[in-house]
1. Check off (1) within 12 Å of the ligand (Cβ to nearest atom); (2) polar (S, T, N, Q); (3) surrounded by fewer than 24 Cβ atoms within 10 Å (Cβ to Cβ) for SER162 and give me the number that stays unchecked.
2. Please name all residue pairs, on different chains or six or more residues apart, with Cβ atoms under 7 Å, provided the first residue is in region 164-176 and is more than 14 Å from ALA290 (Cβ to Cβ) and the second residue is of a type in the set (Ser, Thr, Tyr) and more than 14 Å from the ligand (Cβ to nearest atom).
3. Any idea which residue in region 177-203 is farthest from the ligand (Cβ to nearest atom), counting only those that are under 19 Å from VAL81 (Cα atoms) and in a helix (DSSP H, G or I)?
4. Say whether the condition of being more than 25 Å from HIS280 (Cα to Cα) and more than 12 Å from the chain's Cα centre (by Cα) is met by at least one residue in region 170-186.
5. I'd like to know if region 88-100 contains one or more residues that are modelled with pLDDT under 95, surrounded by fewer than 24 Cβ atoms within 10 Å (Cβ to Cβ) and in a helix (DSSP H, G or I).
6. Test each condition in (1) at pLDDT 95 or above; (2) within 12 Å of the ligand (Cβ to nearest atom) for ASN145 and report the one that comes out false.
7. Could you please give the count of residues in region 49-87 that are more than 14 Å from GLY216 (Cα to Cα), away from the ligand (no atom under 16 Å from the Cβ) and of a type in the set (Gly, Ala, Ser)?
8. Output the residues belonging to region 288-302 that are among the aliphatic types (A, V, I, L, M) and within 19 Å of the chain's Cα centre (by Cα).
Amino acid sequence: MRIDTKLIHGGVFGDDRTGAVSVPIYQVSTYKQNGIGEHSGYEYSRTGNPTREALEQLIAELENGARGFAFSSGMAAISTVVARFDQGDHLVVGDDIYGGTYRVLSKVFNRFGIRSTFVDTSRPEEVEAAILPETKAVYLETPSNPLLKVTDIGKVAEICRSKELLLIVDNTFLTPYWQNPIDLGADIVLHSATKYLGGHSDVVAGLVVTRDKEVGEDIHFLQNSMGGILPPHDSWLLMRGMKTLGLRMRQHETGARRLAEWLVSRPDVGSVYYPGLKTHPDHDIAIRQARGFGGMISFDAGDGKRAEEILSRTRWFTLAESLGAVESLISVPARMTHASIPPERRRELGITDGLIRISVGVEDVDDLIEDLEQALR
Ligand SMILES: *Cc1c(COP(=O)(O)O)cnc(C)c1O
């Protein structure tokens, strides 16, 4: 089955009992047992719920993994996966990742003795150099956030295999529509489904997919133990959004490509970061490992003051955190999504005060270009 068909017919299609084409919302906490321990496969909805399971099966199939899991947010998904590690374990993590992931690793999990070293994973030699005897996993995002650096997943997977490390990839930016990290050697794939998978700015959710069953058993144990599950109604809403993932991703990308090229042509704009540009340093890797470049663009508008002025003038780009929705969104990472990263660290990484990040929506791209043009002027 090809991905566009999988999005419609994958996972659990409809309901056998009634013939309903949409998976019903099982708004239920507990299930009748015919005798003690004799149940239908469902005992309690934290452990398992049919609506959530339909979503979990769908994401597992879309990512070509063995098991899928749905959580109440991307951060709940990430925290549950990191809880798999023990005191004294060490992780090698991308340095250009979602600010909340940096925060939970450096301010929460470090208190429990799980240490992280942050490196530029788009340079596999840096990953290799950071590995310690206590290292248990490599964690990365590609393309990265907000600078859209691309990491060669296959190369990092090779390093992980040779050192018996788990490779964890946050696939939020490209989604399984454009990129399948498990096919490239990853062991665990994570999503903030709040973004492209949901796609309509109406649900906060996280997903995890494991390559094999054993790691899947572990994640299920942790999901049930820690309890950060996605409720049935939100699971249904997410599946509803995912039906149109293909249509949306193609439109996001068409718009992003045109907008990126237009930004490059502007004399009043500094660096433009988009993996689909031939001038992007990782353009060739992006072509090799993914089927598309996505809908995220960052560009340098000069200084923080000009960036703020531009944001205050756009009409079709909504000033907001988040990304991946049908509406175009605009933000200044240094003061919004990445504000939890210390200023000196941000400067080292290249997240300048004038850096603007755009999530290109599905509006008519000519309207988007006109809007940015008047805002830049
Ligand atoms: C938003 C985001 C997260 C966190 O997900 P939430 O759903 O907001 O908890 C993690 N990773 C990436 C890449 C994100 O963009």
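1. Against the list (1) within 12 Å of the ligand (Cβ to nearest atom); (2) polar (S, T, N, Q); (3) surrounded by fewer than 24 Cβ atoms within 10 Å (Cβ to Cβ), SER162 comes up short only on (1).
2. Every condition considered, the pairs that remain are LEU165/THR135.
3. Selected residue: ILE182.
4. Filtering region 170-186 down to residues more than 25 Å from HIS280 (Cα to Cα) leaves none.
No; the residues of region 170-186 include none that is more than 25 Å from HIS280 (Cα to Cα) and more than 12 Å from the chain's Cα centre (by Cα).
5. Yes, some residue in region 88-100 is modelled with pLDDT under 95, surrounded by fewer than 24 Cβ atoms within 10 Å (Cβ to Cβ) and in a helix (DSSP H, G or I).
6. Tallying (1) at pLDDT 95 or above; (2) within 12 Å of the ligand (Cβ to nearest atom), ASN145 fails exactly one: (1).
7. Counting residues in region 49-87 that are more than 14 Å from GLY216 (Cα to Cα), away from the ligand (no atom under 16 Å from the Cβ) and of a type in the set (Gly, Ala, Ser) gives 1.
8. The first filter runs over region 288-302 and keeps only residues among the aliphatic types (A, V, I, L, M), leaving 290, 296-297, 301.
Of everything in region 288-302, those that are among the aliphatic types (A, V, I, L, M) and within 19 Å of the chain's Cα centre (by Cα) turn out to be ALA290, MET296, ILE297.
The values are calculated or read from the model by the stated rules, or taken from the named source; none is laboratory data. All values derive from a computational prediction rather than experimental measurement. Backbone-built Cβ (ideal geometry, glycine too); neighbour counts: all protein chains shown.
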